[in-house]
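Colleague: I have a structure here, written as structure tokens, and I will follow up with some questions on it.
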Amino acid sequence: MPSTIDDPHPLIVELGASLTPSQYAAFESAARDVLASLVCSGPGAAYRALRDLQKLHFDPPAEASSRYEPRHLRSKKRTDLPPIGEDTARGRASSRTRWMRGWRG
């Protein structure tokens, strides 16, 4: 005796939650057609059929390109300036500090 799913609406809503409204409308009508054509439409069979159908209707958002780049490239610091040299007051102080610590570059 085949079992049937009494109310498919919660399952359709759950699987269609990640879809946009236009995708959801197309998914819902296709889901109701698939559920009507299932011979043994128990909860497990319904879920497996709708899971595959949901994958067909889902269009993933575009990835942000900066998400996977190294953090040092996302820095807001200016990197186009020349390095600090010995000829500036700050460069001389930095050099003196390194010498006093025993660092030889």
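Every number here is computed from the coordinates shown, using simple stated rules; none is lab data. None of these values were measured; they are calculated from a predicted model.
Colleague: Once you have the Cα-Cα distance between Ser94 and Ser29, take 0.36 nm times their residue separation minus that, and quote the gain in nm to one decimal.
Modeller: Here the answer is 16.3 nm.
Colleague: Using only the alpha carbon atoms of segment 9-57, find the Kirkwood hydrodynamic radius as the inverse mean reciprocal pair distance, in angstroms to one decimal.
Modeller: Values: mean 1/r = 0.0945 Å⁻¹.
The answer is 10.6 Å.
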